[in-house]
């Protein structure tokens, strides 16, 4: 038994060592039946449950203007804020269509109170940035990328980073996806006009001939232009509080104890 514990200890050390050198974004895919875990931000009670349902109409990635986006193929972004702060655990996105590789950024845009809210849609962030250039602070490592490998239908993609990214309450953030090549057959599925219960974000696209990195309200919806924002199906999950982790660990120990008692 002691030898087994020693072997497990050594193996655990090797796994931790291997994980520590694999910096960046890791991905996993699942069905769109529900979000993974308990996200602190979500664009609907479940993926594709906004009033727009399963809309796939953003395959040009906002590339109406020449060279828009950092890579010249357009870019989409989703803004959000949290009512509690903590360390980022994962970002969940709904994709459809052909495979594509994206540069991902997570921008801090400042306090939500500085941007106001839509009176008709409580909690929805309201801002129209003049420009969002690569010189802005990106909370992720420069050049972080991930690949969506394509799917016959819509799929939930979970992006996990091993970087320590701390998010603050009531701060406005933007998740920006910039394809590294033409993604004309790929969609970041949008949920359409958000329901008031979950409308704490908004979708944006780069489509400006003046500023190559400027983000505008997707389809001109929301903001000062018209009512009814557009969201891209997104959820953000934080690392559980230490107390929650302790409860999970206690639950696991209790389960193991019960199983052992039954076997005895």
Six or more apart or on different chains, Cβ under 8 Å: which pairs go from a residue in the range 36-50 that's more than 7 Å from residue 237 (Cβ to Cβ) to one that's at pLDDT below 90 and exposed (fewer than 15 other Cβ atoms within 10 Å of the Cβ)? Could you list them? 45/197
Name the residue, out of 60, 67, that is in a loop (DSSP other than H, G, I, E, B), more than 23 Å from residue 90 (Cα to Cα) and at pLDDT below 75. 67
Looking at 29, 34, 20 in this structure, which one is under 21 Å from residue 162 (Cβ atoms), modelled with pLDDT of 80 or more and surrounded by fewer than 18 Cβ atoms within 10 Å (Cβ to Cβ)? 29
May I ask you to say which residue of 156, 172, 177 is under 13 Å from the mean Cα position of the chain (by Cα) and within 24 Å of residue 109 (Cβ to Cβ)? 177
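Kindly state which strands (runs of 3 or more DSSP E) lie completely within the range 105-171 and contain at least 3 residues that are under 25 Å from residue 184 (Cβ atoms) and either touching a strand residue (DSSP E or B) at 6+ places or on another chain (Cβ under 7 Å) or modelled with pLDDT under 90 (or both).
145-148, 151-161
The values are calculated or read from the model by the stated rules, or taken from the named source; none is laboratory data. The shown structure was predicted, so the numbers you read here are calculated from the model rather than taken from an experiment. No Cβ is skipped: glycine too gets one built from the backbone with ideal geometry, and neighbour counts run over all protein chains shown.
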